[in-house]
Every structure is written in C-alpha cells, then in structure tokens.
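These notes concern the structure reproduced below.
The values are calculated or read from the model by the stated rules, or taken from the named source; none is laboratory data. All of these numbers come straight from a predicted model, not from anything done at the bench. Neighbour counts are summed over all protein chains in view; Cβ atoms, including those assigned to glycine, are modelled from backbone coordinates with ideal geometry. SASA here: full protein model, heavy atoms, side chains in, ligands and nucleic acids out. Shrake-Rupley method; radii C 1.70, N 1.55, O 1.52, S 1.80 Å.
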Amino acid sequence: MRSAALVVLLSLAGPLSAQGNRFPVEDWTLQTEIGPVAAPVPGVLHTALHSVGIIPDPYFGDNEQRVAWVDSTSWVYETVVYVPPLMEKPELVFDGLDTLADVYVDGELALSANNMFRQWRITLDPTIEAFDVQIVFHAAALEAERLAKEYPYPLPESPRMFVRKAAYQFGWDWGPRFVTSGPWKGVFLEDAALPRLEGTYLRTLSISENVAEVELITSIKNTDSQSAGVVVRIDGEEVVRMTVDAPIDEDVNISFAIPTPQLWWPRGSGEAYLYNLGVDVTVGGQTVTEYQQVGIRTVQLDQTDGAFTFVINGEPIFAKGANSAPMTSFYPASEERYRTVLQAAADANMNMIRVWGGGVYEDDLFYDLADSLGIMVWQDFMFANALYPDTDEFLANVRQEAEEQVSWLRRHPSIVLWCGNNEIIEGWHNWGWQQSLGYSEADSTALLQGYRNLFEELLPGVVEEHQPDVPYWPSSPSNGWGRDIAYEEGDVHYWGVWWGRAPFEMYREKIGRFNSEYGFQAYPVEATVRTFADDIVLDTLEFRNHQKHPHGEDWLREYAMMTFGHVPEDPGLWRYMTQVMQAEGVGMAIAGHRANKPRTMGTLYWQLNDIWPVVSWSSMDVFGRWKPLHYRVRELYQPLFSEVYQEGDSLRLRVVSDMNEPVSLSATLTAFDTDPGLTWFFALPGELEIPANGIIDLGVIPRESLNIPDERLILRTELRTSEGLRQPTVTTVNARWNLRLPNPGLSIHAEGDVIRLSSDQPALGVWLEEKEGGTNLPVNYFDVFPLHSVAVELPPGVDPNDLVVRSLYDLQRH
C-alpha cells in the first residue's frame, strides 16, 4: 500500500525542486451541481467550471453578469494525499489560497486561511499513510460586507479592503468583476524532517572597480541544531566553506568578496549580468542545496531637492517603462503569457515595469524574466485606492504577508523599489472622502493615523528589516496632479488628460520629476474585438460590457472632436482613430518627459497589458497583440531620443542619450511642405559629441527660412552614429492631427515574404492590420516618405492580401 502510493505520488510530482523536497499535490476534484469534476491545481473556480461547461466563456458578450453567481456561495475542493514511506514529518503546504478557506484533514478542521498573498502549512500525522483533504472556500465578497458593517467607520471603496484579496477582482475601469476562489498557487507535500532554506539572497554591500563586497543571507528552517556547515559557490567555483551559528528561524549572514565583479545593469545601460549561486547547508548530517541566479548591483533613490531618480551602481538611470496590470483574470497565468508580456516590454526598450498595487505579487517567473532582461521592477504592496482597516488582527495578517513577500522576492536584482500603495494618500487629500463619507474631525484623525500605522510604520519597517538595500516609498503618487507641488517633487500620476479632459498639449506642460502614471484609452485590433462580440457594431451590449470606464466612449468621442474634428462612422476607422489618439497623445507625453531630462528622470505610462479583451489604456491586449502605441513607445524609448522644436524664431534640435558611454553622431534634417510637396534638406556640419547620459541642444534653422505654415510642416531627422546606427525621427510643430495632409499615394509591392511601402507624399501613422488575424508585425505604425520606402517582413501565415492599410490621411475629412 505505501509503496504503491509512493509510485502514484512520484508520477504526479515530476522533477523535484531545487531543494528536492517538494511533491506537488495535483489530483483534485471540485464539488458542483453535476457532481465532482476535475479541478486543475493551481487554479480557480471559474476556469474549472468553464472547462466542464457549467459556466459560459466569462469573457464573451455580457457573460460577466451571467457568471456573477459563482462568488456568492461556498465551494469545496477535495483530494487524497498519499505520504511516501520515507517521509518522517509530512507537511501539507499551500503556496496560495484565494482567499477565505477552511482546510479539513480527515474531517477535522486543520487550518483557516484569510489571505491570498500568504503561504499556509499543515503538519500531518506521520503514522498515517493517506489523508482525505477538503478545502472549503467561502464567499469573500459576502464576508467583506459583514466585516464592513462591523467596522466603526465607513471606508471608501468598501467592502473589498476588508479581505486580503486582489482588489482588481472586484472590478476596475479596465477590468471585469470576477471575484475568484481556489488554490491559485501550488499545493505541495514536504518533509519537515529535512532542513529547508528560506529567503536566501545575495545582498550587495558595496562595489568598487576591483571588488564587490556582498553578504549571503538565508534562514534555516526545520532544525534544532545551533550550527551549520555552509558552502557557497559562484558560477561553480567555491568561494566560502565555513561553520556558522544557525539559531532557529533567524537569518544567517555570511560576508565575502567577489573580485572584478560583473554588474547587473538595467536594459540599455549595460549587461544585466547574472551569476549562478549555489548554497549547500549541512545540519545534523543532512545537506540541503539551493540554486539561484543573482545580480550584483546597488540601488538608491535620489530625492535631493525634490528629485526622484533611481541610481543603479552609482549611475542615475532614466526609467522608461509602463505600469503592469495583473497578467490574467484567472490565475495562474501561463508561462507563455509571462514571456509574451515581459519580452514585449524589452522589445519596446523598456527598463522598468511598475507592478501595480491593485493586483497580485506575480509568479517568480515574472521576476526571473525581469532579471534576465534587465528590467527594473517597481513593486507595490497590494493596496490600492481605498483606506484599510486598522485592527490588530488585520495588521498582524498584513505583517506576515509583507515579511513573506519581501523575503521571497528580495533575491531578484530587478526589484529596485517597494511602494506602500497606489493612490491612497492622493485619495485622502483630493477625492473628497472626508466629505462624502461624513467623517468628523476625530474620525479623520483616527483614520489618518491608521494609514500611517500601515504605510509609514509597518511596511517600511518590514522592508528595512528584510531588504534594507532597496528603498521604500509610502504611496504613489506622492501628491495629486491638481497641485503645483506634484510637478516639483516625488512622483506624479498626471490624469489631467483623460480624467480632467484636458487637451493632449497639456502633456508638454504638466511634467513631473518622475511620471509614474498617465495614459489614454484605445480599442484593440479587430481580431481581439471578435473574441467578445459577434458583430463589429459599437453600440451593443457586448461592446458596452467591454468598455468599463463609465464615460469611456463619450470621452473618446469628445477627444475625437477635439483633435480630428469628427467621429468616423466606419467602425474600423473609429478604432484606428482611438489608436492614433492614444499613440500620439501618450507619445507627446513621453517626448516631453525625455526632453526634460535630467530634471525629469522617469516615465511609466498606464498601462502595459490587459486582463481580458477590452477597450482600455493598454499598449498590448490580453492576447499580446500590439496597438499602435506599443510601436510608438518602441521608437520613443530608444537609447537616443531626438526631436525638433520651435523656440522663438528658431527650430532647434535636441538629442538626449541614455547611454553610459559618449556618442559621436552626425545629423540631417529634411523639411516637408505637405501642400505643394516641396522638400528642404539640411545637413548639420561636422560630428556631434553627446556625453554619457547627456543632452545636446542646437539651433538649426531660422524659422523664417522655412516659409511653411505649421499645419503643413513635417520634419524628419536622421541621426547616424559612428557605429553605423541610423535612427530616423519624425516631428511636427503642431500635433499630427492638426496637419493638412495630402493623399500620400501609398503603394504596396509584395516581394515574397516582404512587402514594401512607398509614397508620393508623406504618409504618417501607417497601420497594417489583418482582416481576420491579429499577428504582430516586426514593423508597424510607421511613416513613409518619398525616397524613403519601408520594408515589412511578414511572419508565416500572414497574407499580404489580407492586410488593411490605413494612415492619418484616412482620418481627415475630405
């Protein structure tokens, strides 16, 4: 019986983990109205119920409302856990239970969980071979309502904050309300008789040209011994062998030096070098080994005179990136999903992603990919847009969550900031909570103190204790966008464009020291729209259910009138118009931020990705299909940024470099008059030298020498570096939608798997979209000029005859 059980268990387990002591428990059933059904673990209710046809596709049409009943009742997962014969002290380990769960072992309550962001453990009787395990998941939304009624104050956005659960599941202005339940992370069997390492990471203490001083930190669990033998290897070479004091549940700290270190750098600033770390710990004759990839880097947050600058390895870094929404509505996200999103960020020249506080702490794979790609991670704790309870029980629960998450994620060199929350202090000062909820002066004092207890005492204390080499920031943003001080210090979420319905040109005026949120909505491509609607008809229930902002469609049309002066009747042109407004509007913001370096040292637009097919602020949709914005970002986030702008009576060229080395280049400027189609060509004399991380700003042409009205003037700059890089950039004095564009006379020639586009007149914002598919093309949303054709290599399966070609000319009234 025992040996047979071992065979079954090992067949489920597959390869052992790095510690060789984790057996996945995967064979679960879910009790339903049609009886027990197979339930994937890790997984959640909705995916299990949809897989057997109990609920329809939650993403299609208005099915969001049809599946709402799922979160209003309790659900039971069941399995039998078999214990291998050599396991002396079996422990059942739940890496994540979403969210309110009672776990029964052989009918006895063994655990009550109340936080989806924590790990939970149950000690099993070693004399028993097999256990019946039930997990009863209770309706988190109903429990949150009950707790809210018992709390002495009404809280904004109540009741979701009363349960430690991902806030976005309760619905957001880009996402549905799917309040999930289930063992969303893996369930494992471990032997607690074997030592276990926890929180292992390599902390960089200092770096010089010849040596890096580092400290290995780990905690040894499951042992009564007071000493341990430790062997440390870097890239296979032994660097430490020693015996250390190892008190139970306390960190072991071992300092050593790495000569001639290779450093981890953010993308575009150098190589994101990773060392292979191996740690052997021997306790009581038993050895446990852990392997990691680690990076040597230091990080500071320079706040001198209001600055907000990340300094990596002593060098100030201009942060270029986006905010990430959760990877999916229904965790776990697939490996493919993580790789698609992170690689898309890297391909767009991003060096930072902010993990937003209304979602989840992502899977290790997310951070592993960020490590390898050189993408810095601004990591929010999971608190967003609401006040939270200030009870002892709640704070103790959060402390355990924070300690686990910081200790787990601190090994990643990509983590460069821990942030307490998203937009809570802004909400307190600017969103009218005190008035709308009727707080007295005493209420406000107590609630503000509760905020400080959590975000100014508890969380920074956890970071200081467990990862003191990474800075902590209490709340993003530090000041609301309606206050002048927001642009003088800290970080800012500028939502004057969109929420304030200000014109896009305000992006060039409202520039903060670090711009950590801003954005604009756009439709996804047609292939994505067809996944949630049968017909491409905008005013339908299906479309309205996939536009979650309460004024989204009205405001898009308002901006269309503000920019292009009309709203196209054709759905395809309307989708393209929203995409152009997003790409050019957000592009205007990014250009302003980069041109304002070094006063401004970061730009993170909202948002990188989607959790379902929807009209949203994302630059790529839930299927990984890029909108025009993502292609525009790829251009604007290149290490060399240039723009031509008018100052007084002169057109000036500004070139900004994010490179750590000086750059030598030459530049040419071509001016186009869109009316008679005339062209002026200018070559800047000599070679230009840009210092490392520097800027050059040159007067180029007296404006009067170009007798061209702003609405007809297009400027094309081409930079050529001594290394052979050619980088064209197109700028206009007016916004592109204010240009008077002629028919470009676009022509397309297919040459095998390559199509080549040429034009008689400038064609701006050329967008190629498949009628049926949604394949990302290597080049898209580009400009075509006379004598400067553009070649596009088509991926396998893309038929050039299936492409719809549009440009800004199509959006003008003719």
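See the values below:
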| quantity | calculated |
| --- | --- |
| Residue check for T99: modelled with pLDDT of 95 or more, within 27 Å of Q169 (Cα to Cα), open to solvent by less than 60 Å² (accessible area, probe 1.4 Å) and within 32 Å of the chain's Cα centre (by Cα) | yes |
| Scope region 511-539; condition of a type in the set (S, T, N, Q) and open to solvent by less than 30 Å² (accessible area, probe 1.4 Å); matching residues | N515, S516, Q521, T528 |
| Residue within region 260-268 that is part of a strand (DSSP E or B) and open to solvent by 50 Å² or more (accessible area, probe 1.4 Å) present | no |
| Considering residues of region 288-330 that are open to solvent by 10 Å² or more (accessible area, probe 1.4 Å) and of a type in the set (S, T, Y) only, the residue nearest to the chain's Cα centre (by Cα) | T328 |
| Residue within region 158-177 that is over 24 Å from P389 (Cβ atoms), in contact (Cβ under 8 Å) with a residue 24 or more places away in the chain and not in a strand (DSSP E or B) present | yes |
| Among the residues listed as V70, V44, the single one being modelled with pLDDT of 95 or more, closer than 20 Å to Q134 by Cβ and in contact with a helix residue (DSSP H, G or I) (Cβ under 9 Å, 6 or more places away or on another chain) | V70 |
| Selected residue [modelled with pLDDT of 95 or more and either over 20 Å from S329 (Cβ atoms) or touching a Ser or Thr at 6+ places or on another chain (Cβ under 8 Å) (or both)] from M620, M601 | M601 |
| Meets criteria (without any contact (Cβ under 8 Å) to a residue 24 or more places away in the chain, in a strand (DSSP E or B) and either surrounded by 19 or more Cβ atoms within 10 Å (Cβ to Cβ) or more than 33 Å from the chain's Cα centre (by Cα) (or both)) for V232 | no |
| Residue that is closer than 20 Å to Q607 by Cβ, assigned to a helix (DSSP H, G or I) and open to solvent by 10 Å² or more (accessible area, probe 1.4 Å), where the choices are L448, L395, L369 | L369 |
| Sole residue being modelled with pLDDT of 90 or more and either within 30 Å of E647 (Cβ to Cβ) or surrounded by fewer than 19 Cβ atoms within 10 Å (Cβ to Cβ) (or both), chosen from S759, S747 | S747 |
| Options A344, A325; residue that is closer than 20 Å to W378 by Cβ, in contact with a strand residue (DSSP E or B) (Cβ under 6 Å, 6 or more places away or on another chain) and small (G, A, S) | A344 |
| Which numbered condition R720 fails, given (1) closer than 29 Å to F504 by Cα; (2) touching a residue at least 40 places away in the same chain (Cβ under 8 Å); (3) basic (K, R) | (1) |
| Any chance V798 is crowded, with 16+ Cβ neighbours inside 10 Å, over 29 Å from the mean Cα position of the chain (by Cα) and modelled with pLDDT under 90 | no |
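Let's see how each residue does on (1) modelled with pLDDT of 95 or more; (2) part of a strand (DSSP E or B); (3) of a type in the set (S, T, Y); (4) touching an Asp or Glu at 6+ places or on another chain (Cβ under 7 Å):
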{"residue": "P85", "(1), (2), (3), (4)": "no, no, no, no"}
{"residue": "L92", "(1), (2), (3), (4)": "yes, yes, no, no"}
{"residue": "V103", "(1), (2), (3), (4)": "yes, yes, no, no"}
{"residue": "A110", "(1), (2), (3), (4)": "yes, yes, no, no"}
{"residue": "E145", "(1), (2), (3), (4)": "yes, no, no, no"}
